[in-house]
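Student: Before we start, here is the structure in question, set down as structure tokens.
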Amino acid sequence: MKKFLLVLIICGAGYYWYEEKVATVTLGDGIKTTMLPQQVKTSLSPFKYKGYTIIPLYSFTLEAKVLAKKSYRDSFGDIAPIDIALGWNQMSDESVLKNIKISQRGRWYYWKTPQFPIPRKNIETSSANMHLIHANDEVKKAIAAAKKGQIIKLQGELVRVKKEGETVWLSSTTRNDTGDGACEVIYVRSFKIVEG
């Protein structure tokens, strides 16, 4: 039993090391995205998806750096198994990011810094946690393959998710909010690695 536990600990440590070190891409200081998130009101009709009703609110396009990525097996794991924290503009510049510790848990994205490399408001308005609902298996694989540090481009819709007539998940529709309800819920139709 002790050997089994030791193997589990070693495997867990190895996985953590891989995720944090090997699965991280470094592009260098000053390399950052310049495109701001784009959203436009959409007239797309609601549609069914894996027992849920998806209601498109805005078409959404974003080019950003992967700040963190986390898999979930919670009640939404069947439609959005992976959350990605993304940063754009100054929050995609590694000279800024090396001063900020970023983590995810419980479908939230957290950051902390001993000294602000940029104003707090810039951190809050140039990064966000994204709940990603994959439109198909190709998109699902692309999201799963994304590595911390890469620059990606995604396209889809910010959505409201209903089940049995009740709203169970609602996307933020602004980049200025923080805290509960500030995450974007995106039905992702396209997800591509741009750099890295």
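Student: Could you tell me whether any residue of region 152-165 is modelled with pLDDT under 95 and either in a loop (DSSP other than H, G, I, E, B) or acidic (Asp, Glu) (or both)?
Tutor: Yes, there is a match, as at least one residue in region 152-165 is modelled with pLDDT under 95 and either in a loop (DSSP other than H, G, I, E, B) or acidic (Asp, Glu) (or both).
Student: While we're looking at this one, here's another question. Looking at region 127-141, is at least one residue surrounded by fewer than 22 Cβ atoms within 10 Å (Cβ to Cβ), among the hydrophobic types (A, V, I, L, M, F, W, C) and closer than 22 Å to GLY30 by Cβ?
Tutor: No - not one qualifying residue is present in region 127-141.
Student: Scan region 142-156 residue by residue and report those that are within 22 Å of THR24 (Cβ to Cβ) and either buried (at least 16 other Cβ atoms within 10 Å of the Cβ) or in contact with an Asp or Glu (Cβ under 9 Å, 6 or more places away or on another chain) (or both).
Tutor: Answer for region 142-156, where residues must be within 22 Å of THR24 (Cβ to Cβ) and either buried (at least 16 other Cβ atoms within 10 Å of the Cβ) or in contact with an Asp or Glu (Cβ under 9 Å, 6 or more places away or on another chain) (or both): ALA142, ILE143, ALA146, LYS148, GLY149, GLN150, ILE151, ILE152, LYS153, LEU154.
Student: From the residues in region 50-95 that are closer than 20 Å to GLN39 by Cβ, in a strand (DSSP E or B) and among the aromatic types (Phe, Trp, Tyr), which one is nearest to the chain's Cα centre (by Cα)?
Tutor: PHE60
Student: Which members of region 48-63 meet the condition of being of a type outside the set (Ser, Thr, Tyr) and on the phi < 0 side of the Ramachandran plot?
Tutor: Within region 48-63, LYS48, ILE54, ILE55, PRO56, LEU57, PHE60, LEU62, GLU63 qualify.
Student: Let me ask something else about it. Among the residues of region 109-130, what is the count of those that are part of a loop (DSSP other than H, G, I, E, B) and either of a type outside the set (Phe, Trp, Tyr) or within 14 Å of CYS183 (Cα to Cα) (or both)?
Tutor: 7
Student: Follow-up question, since we're still on this one. Is at least one residue of region 157-180 in contact with a Pro (Cβ under 9 Å, 6 or more places away or on another chain), buried (at least 21 other Cβ atoms within 10 Å of the Cβ), closer than 23 Å to LYS101 by Cα and not small (Gly, Ala, Ser)?
Tutor: Looking for residues that are in contact with a Pro (Cβ under 9 Å, 6 or more places away or on another chain), buried (at least 21 other Cβ atoms within 10 Å of the Cβ), closer than 23 Å to LYS101 by Cα and not small (Gly, Ala, Ser), one finds none in region 157-180, hence no.
Student: Does GLY106 meet the test of being under 24 Å from ASP177 (Cβ atoms) and either without any contact (Cβ under 8 Å) to a residue 24 or more places away in the chain or surrounded by fewer than 17 Cβ atoms within 10 Å (Cβ to Cβ) (or both)?
Tutor: yes
Student: Just wondering, is there one or more residues in region 35-46 that are of a type in the set (Gly, Ala, Ser) and modelled with pLDDT of 80 or more?
Tutor: Yes, there is a match, as at least one residue in region 35-46 is of a type in the set (Gly, Ala, Ser) and modelled with pLDDT of 80 or more.
The values are calculated or read from the model by the stated rules, or taken from the named source; none is laboratory data. Keep in mind that this is a model prediction, so the values were computed, not measured. For neighbour counting, all protein chains shown are included, and Cβ atoms are generated from backbone atoms with ideal geometry for every residue, glycine included.
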